Amino acid sequence: MEFAQIGANIIKIMKDYWKVFLIEGVSNTLILTCIAVSLGAILGTLVAIMKMSRFRVLRFIVTAYVEIIRGTPILLQLYIFYFCLPQMLPFLKLSAFMWVAIAMCVNSSAYVSEVIRSGIQAVDKGQTEAARSLGLSSGQTMRKVVLPQAIKNILPALGNEFVMILKETSLASTFFLGDLMTSYQKVKGATFLGFECLLIVGIIYFCLTFPLSKLVGYFEKRMRSDKSYKNHHKHAERERKLAEGGKL
Amino acid sequence: MKKLMTMILAIVMVMSLFAGCGAKTDAPTDAPNELGLVTPGKLTVSISPDFSPMEFVDPSKSGQEQYVGFDVTLANYIATELGLELVIMPMDFGACQTAVEMGTVDMSISGFSKTEERAQNYNLSDFYYAGDNETEQVLITMAGNEGKYTTAESLAGLKVGAQAASLQANLCTNQLPDTELVIFADLTTGLMQLKNGDFDVMAVADGNADAIIANNPDIIKTGFKFTVTSDEENNVILLKKGNDTLTAKVNELLAKAYDAGYYGEWYAAAKELAGIGVEVSYDENGNPIEG
């Protein structure tokens, strides 16, 4: 393979097809990702709440849902949603794009629910016990004590989920839904220059995911060094010194 | 006991999810739907638009307009003749067949060759003729190998690439028994593998070879041609098993197109769109002759 030739070919392809990649591909990928993540987060929260409920039947059903979704490949789920659901629910007149977006969102909801559940359960049990013994109701304990701490665990992981879904939307190209990987399919089909198209799409994907993961990293750092955490340490230091009997 | 009930409930729920799948309910319609269409008034066709010049995408257009090529012209013709609105559903080649089986689309026109297995699971239309795209099956190789692989003997011991479940793969197995067959998923991937040296020559239809060479100057035809029988050289349309009314209608229209001589025209137009030079011959003074 001649690399000089590849460079020339990439320029040639971009001149003819830049719209297919940069406008159609990028916008569809972002739209699909946004729908999947936002609906997935809402559905995922509901699932997480149900999973922590007192009713065993509900807990069992939700566990089965999460395990089935997480235990099967996303490509298979896309096929099933694309082929079966429109026939099972003929009154729902949704486009192919929406069916695949829903499949993505169901898939992401299973992962998000686990992120939320583990984030909540990672908060030390002593916190709940202390809050309850101080007379807070279980709802108040959740809202005022557990959730503010759990958010710190949950948000960065949710950001990572966003990046993951963005990459997984590439599977939508199986049905030519206009995402970036579809742009690749279309242009390579017209030009038979597969490697060059792959390079272009790869660079665009990276340009999308890299700033996103940097942003997630930034928020993660902010959360870790947030005020209450610092104050907590200062406070502990002060107490220790006091206990030692020294002056401040 | 409670546990058992929960289990049963969960199983019933999962079963109901799949039960709906198999039983394709005939959508209630007001209009008579004697053709058994998926959506009354519309002809839905699945194609895999990564197969220039048979079906590909014209990036200067958008929406339904962007799908062009021989098979799309044919789909348009069938829809117009039946008085239906054409809806093209693009998807990859494997999904095209599943879509027909599942009843997501009425038919798939995507350069299918007739095979025993397909005939068992689908209603196949009569043949349609896409110029030299299928009648000529050739081998391509890297430039620099000119004149090396012109006969079956010269190919002995070499590796030959062909698309999975394609006519070319069958031809290689039957006509080049001394070679090692390497299967690839789609033409572009195969081309990358050829450039990478995974195999020495690659079997493709002549029309595809022209489209490949138009954009890849480092690829040439070897000069070897497969012997193609009349059963293999043409394409068929895939329809749902048992949908005989529509199949009969389609066959009628295919015969009509053949008699009217549309196929040659469509193929030339598709080739021109794909950027494959329309064949130009020269007279003794060096002037190009049209045709």
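The values are calculated or read from the model by the stated rules, or taken from the named source; none is laboratory data. Given the structure is predicted, the values throughout are model-derived calculations rather than measurements. Ideal geometry is used to build each Cβ from the backbone, glycine not excepted, and the neighbour counts take in all protein chains shown. Only protein heavy atoms, including side chains, enter the accessible area calculation; ligands, DNA and RNA are left aside. Shrake-Rupley method; radii C 1.70, N 1.55, O 1.52, S 1.80 Å.
Close contacts from the stretch B:48-62, counting a first residue that is closer than 12 Å to B:V72 by Cβ and modelled with pLDDT of 80 or more and a second that is open to solvent by 10 Å² or more (accessible area, probe 1.4 Å) and acidic (D, E), with Cβ to Cβ under 9 Å and a gap of 6+ residues or different chains, come to B:S48/B:D92; B:S48/B:D186; B:F51/B:D186; B:P53/B:D210; B:P53/B:E272; B:F56/B:D50; B:V57/B:D50; B:D58/B:E65. B:E284 - would you say it is open to solvent by 70 Å² or more (accessible area, probe 1.4 Å) and modelled with pLDDT under 85? So B:E284 passes the test.
Scanning the stretch B:109-119 turns up at least one residue that is outside any loop (DSSP other than H, G, I, E, B), within 14 Å of chain A (Cβ to nearest Cβ), under 14 Å from the mean Cα position of the chain (by Cα) and at pLDDT 90 or above. The residues listed here are B:G103, B:G144, B:G157; of these, the one that is touching a residue at least 24 places away in the same chain (Cβ under 8 Å) and at positive phi is B:G103.
If you check A:L215 against the conditions, is it touching a helix residue (DSSP H, G or I) at 6+ places or on another chain (Cβ under 8 Å), of a type outside the set (D, E), at pLDDT below 70 and open to solvent by 60 Å² or more (accessible area, probe 1.4 Å)? Answer is no for this residue.
Test B:L246 against the stated conditions and say whether it is outside the structural domain of B:Q120 (by TED's automatic domain parsing) and either closer than 16 Å to B:M142 by Cβ or out of contact with any Phe, Trp or Tyr (no Cβ under 8 Å at 6 or more places or on another chain) (or both). So B:L246 fails the test. Looking only at residues of the stretch B:130-148 that are part of a loop (DSSP other than H, G, I, E, B) and not small (G, A, S), we find that the one that is modelled with the lowest pLDDT is B:E136. Restricting the stretch B:68-97 to residues that are open to solvent by 40 Å² or more (accessible area, probe 1.4 Å) and over 21 Å from A:Q185 (Cα atoms) leaves a set whose member that is nearest to the other protein chains (Cβ to nearest Cβ) is B:E85. Among the conditions (1) more than 20 Å from A:F81 (Cβ to Cβ); (2) among the hydrophobic types (A, V, I, L, M, F, W, C); (3) within 10 Å of another protein chain (Cβ to nearest Cβ); (4) in contact (Cβ under 8 Å) with a residue 40 or more places away in the chain, the only one that A:L180 does not satisfy is (3).
Looking only at residues of the stretch B:120-129 that are open to solvent by 40 Å² or more (accessible area, probe 1.4 Å) and either modelled with pLDDT of 95 or more or within 30 Å of A:Q77 (Cα to Cα) (or both), we find that the one that is farthest from the other protein chains (Cβ to nearest Cβ) is B:Q120. For the stretch A:46-88, a residue qualifies if it is more than 9 Å from chain B (Cβ to nearest Cβ), in a loop (DSSP other than H, G, I, E, B) and without any contact (Cβ under 8 Å) to a residue 40 or more places away in the chain, and the qualifying residues are A:S53, A:R54, A:F55, A:T72, A:P73.
Output yes when any residue across the stretch B:151-170 is within 14 Å of another protein chain (Cβ to nearest Cβ), open to solvent by less than 10 Å² (accessible area, probe 1.4 Å) and either touching a Phe, Trp or Tyr at 6+ places or on another chain (Cβ under 6 Å) or more than 30 Å from A:I80 (Cβ to Cβ) (or both), and no when none is. Yes; the residues of the stretch B:151-170 include at least one that is within 14 Å of another protein chain (Cβ to nearest Cβ), open to solvent by less than 10 Å² (accessible area, probe 1.4 Å) and either touching a Phe, Trp or Tyr at 6+ places or on another chain (Cβ under 6 Å) or more than 30 Å from A:I80 (Cβ to Cβ) (or both). Counting only strands (runs of 3 or more DSSP E) wholly contained in the stretch B:174-240, the ones carrying 3 or more residues that are away from chain A (no Cβ under 14 Å) and in contact (Cβ under 8 Å) with a residue 24 or more places away in the chain occupy B:219-225, B:235-240. Does B:V100 count as crowded, with 21+ Cβ neighbours inside 10 Å and assigned to a strand (DSSP E or B)? Spelling it out, it is not the case that B:V100 is crowded, with 21+ Cβ neighbours inside 10 Å and assigned to a strand (DSSP E or B). Checking each residue in the stretch A:1-33 for being of a type in the set (V, I, T) and either over 30 Å from A:V163 (Cβ atoms) or surrounded by 15 or more Cβ atoms within 10 Å (Cβ to Cβ) (or both) picks out A:I10, A:I13, A:V20, A:V26, A:T29, A:I31, A:T33. Among the residues making up the stretch A:187-202, those that are out of contact with any Lys or Arg (no Cβ under 9 Å at 6 or more places or on another chain), modelled with pLDDT under 90 and either open to solvent by less than 10 Å² (accessible area, probe 1.4 Å) or more than 29 Å from B:G63 (Cβ to Cβ) (or both) are A:V187, A:K188, A:G189, A:F192.
Do you know which residues across the stretch A:68-88 are within 30 Å of A:M52 (Cβ to Cβ), of a type outside the set (A, V, I, L, M, F, W, C) and surrounded by 16 or more Cβ atoms within 10 Å (Cβ to Cβ)? Within the stretch A:68-88, just A:Q77 meets the criteria. Just to be sure before I move on: is A:S118 out of contact with any Asp or Glu (no Cβ under 7 Å at 6 or more places or on another chain), more than 14 Å from chain B (Cβ to nearest Cβ) and at pLDDT below 90 in the structure I sent? When the stated conditions are applied, A:S118 does not pass them.
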